[in-house]
Amino acid sequence: MQVLACRDPGRRRDRHRGSRTRLADPAAGEAAYKSVPAETLNEGMTADQEMAQQAALHSWLMQEMPAGVLNQPISVNLTPLEKSDLQKRQEATGGPAVVGRTKPLKAEIRFTAVDAALLSATSHPAASGLLRATPDGGFVWAAAVQAVEAGAIRVESRV
């Protein structure tokens, strides 16, 4: 199933302090990572509340998903060279933990005038996924992405 997480690859905003961090420049002698002390969370949802909210969101998304999406997943697999590189990084010591790698899908998400004209309650193929109209005048597009050998997957969509 598709999961979207958007981010700016060069910078990130610290949600709690509003500060910006940037990528390290090894050529300038900067460390590739920085250790920071743990912080105690004093407000917000509990872990159980977060899990309940995510379960409710998952249930709603599964109901909204066009029929047939899971039948035609986009498959992502690492090459033997990518697997070897990942294993070397995971076994290396003295740096941050490596839990995965980035791999572009090269799938373009673009809707045409023809897609708009074909919108109905019945799903139809569009932009490597399936598209269908919703009762409120909108639409739902979804694509399934699978990585058979992966323990988890995160998909990023850039607009």
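Key figures for this structure:
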read-out	value
Filter result (surrounded by 10 or more Cβ atoms within 10 Å (Cβ to Cβ) and either part of a helix (DSSP H, G or I) or without any contact (Cβ under 8 Å) to a residue 12 or more places away in the chain (or both)) within region 73-87	E82, K83, S84, D85, L86, Q87
Search result, residues across region 108-127 that are among the β-branched types (V, I, T) and modelled with pLDDT of 90 or more	V114, T122
Number of the condition not met by D48 [criteria: (1) charged (D, E, K, R); (2) part of a loop (DSSP other than H, G, I, E, B); (3) more than 20 Å from the chain's Cα centre (by Cα)]	(2)
Odd one out for L105, checked against (1) modelled with pLDDT of 65 or more; (2) hydrophobic (A, V, I, L, M, F, W, C); (3) more than 17 Å from the chain's Cα centre (by Cα); (4) assigned to a loop (DSSP other than H, G, I, E, B)	(3)
Single unsatisfied condition, E149 versus (1) touching a strand residue (DSSP E or B) at 6+ places or on another chain (Cβ under 7 Å); (2) acidic (D, E); (3) in a loop (DSSP other than H, G, I, E, B)	(1)
Region 109-121 residues that are under 14 Å from A133 (Cα atoms) and in contact (Cβ under 8 Å) with a residue 12 or more places away in the chain, paired with ones that are part of a loop (DSSP other than H, G, I, E, B) and small (G, A, S) (beta carbon under 8 Å, 6 or more apart)	F111/A127; D115/A127
Within region 91-111, tally of residues that are surrounded by 10 or more Cβ atoms within 10 Å (Cβ to Cβ) and of a type in the set (D, E)	0
Scan of region 53-67 for residues that are in a loop (DSSP other than H, G, I, E, B) and touching a strand residue (DSSP E or B) at 6+ places or on another chain (Cβ under 6 Å), ordered by number	M65, P66
The lone exception for G137 - which of (1) out of contact with any strand residue (DSSP E or B) (no Cβ under 8 Å at 6 or more places or on another chain); (2) modelled with pLDDT of 90 or more it fails	(2)
Contacts under 7 angstrom Cβ, first residue in region 59-72 being among the small types (G, A, S), partner not in a helix (DSSP H, G or I), 6 or more apart	A67/S123; G68/S123; G68/L130
Residues of region 112-137 classified as out of contact with any His (no Cβ under 7 Å at 6 or more places or on another chain), surrounded by 14 or more Cβ atoms within 10 Å (Cβ to Cβ) and not in a strand (DSSP E or B), total	5
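The values are calculated or read from the model by the stated rules, or taken from the named source; none is laboratory data. Treat the numbers as computed from the prediction; the structure is a model and nothing was measured. Don't worry about glycine lacking a Cβ; one is built from the backbone with ideal geometry, like all the others, and counts go over all protein chains shown.
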